Every structure is written in structure tokens, then in C-alpha cells.
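Since the structure comes first, as C-alpha cells, the remarks are kept for the end.
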Amino acid sequence: MSIHHNINQIKDEIPAHVTLVAISKTHPPAIIMEAYNAGQSIFGENKVQELVSKYEVMPKDIEWHLVGHLQTNKVKYIATFVNLIHSVDSLKLLKEIDKQAAKNNRVINCLFQMHIAEEETKFGLAHDELVDILKSQEFRLLKNIQIVGLMGMATFTDDMEQVRKEFRGLSIFFNQVKKDFFNNSSDFITLSMGMSSDYRVAIEEGSTMIRVGSNIFGDRFYGTN
Ligand SMILES: *Cc1c(COP(=O)(O)O)cnc(C)c1O
């Protein structure tokens, strides 16, 4: 099946309030162009260097998201152009994003990544860690970041009831945070959850943004990177 076909199939299937982010990591620009030519304009990468090099050669009306773990010392490379960072997992990182955004006269949209999986290895904040950040004076002083929602990755498992439980928990927490800390603001509207294997469940549980890679581009081949 073609990339064009895959994109249209997913877009036909998902509700209008759900945004599709095409995760293009490991795929070269020529392949990503097939998705772009099929009408896809939002792409996500998980590595800073790969994101920058693709941004440089791809059409400028693409919206680029960073979905992978971000190191503080690399924020400066993406601060000029990134549209949404899905993976904010500390106040220190957020402060650096704010600083680099200010340097570029920008406001950068961010999601806090929450730890919802059973695996210890996945990144993300616990509920109380996020609440501590949101209550802090330091957080309130940041002017060049906009928190637009939360992101989470479920446990890597075939047990869809486990995955559903984790997404449901994140969705409930999202609504609580929206009410308690964002005054139900219409700026806080993005719940990024769901990948190729679990986006249908994620949407049923309230996702507004899905990050789909292999169902669009096929399998990834990891070479030397
Ligand atoms: C790779 C990746 C995805 C997409 O995964 P697929 O299973 O290929 O759809 C989504 N989110 C993040 C954070 C990723 O790193």
C-alpha cells in the first residue's frame, strides 16, 4: 500500500477534532515528501539532529513537532522553528525552552509528557511532579512558552485493556489539570496519545492528537544512527 493511501485511510477514520502527526523518524526526505504531497503537513521526529536536517530541506509550510526526549543543551537548535514540543519532562527543560524562545521572539507550544506506562524506562512526569511545577512561582514567570496540553505513551503490550486503562487515567488527569491550573482555558486542549498500534483506543479515551509512524511509512530500518 502507498503512503498516500495510508494517510487517507487514517484521516478518513479519525474524527475531525483529532490531529494526525506523521512520525517520520528514520525516513529520508524523499519518502516524507510522498506524505506531504498526499496533504499531510504535520510531521514529528524524535531526535533533534534529524529534525533540524529535515526542516532545512523540506517545504517551509510544514509544521514540525519534537516527540522524543529533549536534552537542555539541544533546545537552541530547534527553537527557531519547532511548532510543538511533546516531551517536556522537567522545569529545567521548560525554562531553557522559554529562554531560547525569547531569544527568537517566539512563544513555543509545549506538552508535558506524563509517565503512564508500567515500564520504568519510559520518560515522563508523575502526577505530583507536574502539580509541583504548575504551582511554582518559577513556572508562572515563564512568558515565552505556552502549555497546550499533555502527552503520554502507554505500555508496550498487546494487552489493549492495560493500554486503555493507562490512556483513561491520563485523560482524567488531563481534564483535572485543565480545570485546576488552566481555568478550563481553550489554550489547553491537546491530549497527545496514541501511536500505530493503539491510536484507536487512544481516541476512544479522549486523545486529540495521534502520533503515527509505521502505519503510514511502513517499518523503520535502524541503520547506524
Ligand atoms: C516512533 C514514535 C511514535 C510512532 O510510533 P509508531 O508505532 O511507528 O506509530 C510515536 N510517538 C513517539 C514518541 C515515537 O517515538
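The values are calculated or read from the model by the stated rules, or taken from the named source; none is laboratory data. From a predicted model like this one, the values you see are computed outputs, not experimental measurements. FYI the Cβ positions are ideal-geometry reconstructions off the backbone, even for glycines, and counts take in every protein chain you see. What goes into the accessible areas is simple: the full protein's heavy atoms, side chains included, and nothing from ligands, DNA or RNA. Shrake-Rupley method; radii C 1.70, N 1.55, O 1.52, S 1.80 Å.
In debye, nearest 20, what is the charge dipole magnitude of the chain about its Cα centre with +1 on Lys and Arg Cβ and -1 on Asp and Glu Cβ, if you could check? It would help to have the intermediate numbers written out before the result.
Working: 24 positive and 28 negative charges, 189 e Å.
Here the chain has a charge dipole of around 900 debye.
Excluding residue 92 itself, what net charge comes from residues whose Cβ is under 14 Å from its Cβ, given Lys and Arg +1 and Asp and Glu -1?
Details: positive: 74, 95, 99; negative: 89, 96, 98, 129, 132, 138.
That works out to -3.
Non-local amide H neighbours of residue 116 (under 5 Å, H modeled in plane, Pro and chain starts lacking H): which ones?
So residue 116 has HN proximity to 153.
Residue by residue through the range 19-25, which ³J(HN,Hα) values in whole Hz follow from phi under the Karplus form 6.51 cos²θ - 1.76 cosθ + 1.60 (θ = phi - 60°), with glycine and proline marked x?
8, 9, 9, 7, 8, 9, 3
For the range 40-143, what does the alpha-carbon gyration tensor say about shape, rounded, prolate or oblate, given a ≥ b ≥ c as the root eigenvalues, a/c under 1.5 as rounded, and a/b over b/c as prolate? Mind showing how you got there, number by number?
Details: a/c = 2.23, a/b = 1.35, b/c = 1.65.
Because a/c hits 1.5 or more and a/b fails to exceed b/c, the range 40-143 counts as oblate.
Which order do the peptides 183-195, 119-131 come out in when sorted by mean C-beta neighbours inside 10 angstrom, highest first? Show your work: numbers first, answer last.
On the way: 183-195: 18.2, 119-131: 14.2.
Descending packing order for the listed peptides: 183-195, 119-131.
Under the Kirkwood approximation applied to all pairs of distinct alpha-carbon atoms, what is the hydrodynamic radius of the chain in Å? Numbers along the way, then the final one.
Numbers: mean 1/r = 0.0559 Å⁻¹.
This gives a value of 17.9 Å.
Hey, what number do you get for the chain at 222 nm if only DSSP H runs of n ≥ 4 count, each worth -39500 (n - 2.57), divided across all residues, to the nearest 500? Don't skip to the answer; put the middle values down first.
On the way: 10 runs with 93 residues, N = 225.
Calculated from helices alone, the mean residue ellipticity at 222 nm is -12000 deg cm²/dmol.
In the range 124-225, what percent of the accessible surface is made up of carbon and sulfur (1.4 Å probe, ligands and nucleic acids excluded)?
Working: 2730 of 5380 Å².
Roughly 51 percent, rounded to a whole number.
At 1.4 Å probe size, with every protein chain present, just tell me what the per residue accessible area of the chain comes to in Å². Walk me through the numbers before you get to the answer.
Details: 11170 Å² over 225 residues.
About 50 Å² of surface per residue is accessible.
Once you sort the root eigenvalues of the Cα gyration tensor of the range 1-46 as a ≥ b ≥ c, which label holds: rounded (a/c under 1.5), prolate (a/b larger than b/c) or oblate (the other case)?
On the way: a/c = 2.19, a/b = 1.39, b/c = 1.58.
It is oblate, given that a/c is not under 1.5 and a/b is not larger than b/c.
Given C-alpha coordinates of the range 97-188, what is the ratio Rg to Rh with the Kirkwood estimate of Rh? Intermediate values should be presented prior to the final figure.
On the way: Rg = 14.7 Å, Rh = 14.4 Å.
Rounded to two decimals, Rg/Rh equals 1.02.
Please state the relative contact order of the chain as a whole percent: Cα pairs under 8 Å, 6+ residues apart?
It comes to 19 percent, rounded to a whole number.
Just subtract the alpha-carbon distance of residue 220 and residue 187 from 0.36 nm times their residue separation and send over the number in nm, one decimal.
Values: separation 33, 0.36 × 33 = 11.88 nm, distance 3.41 nm.
Full extension from residue 220 to residue 187 adds 8.5 nm.
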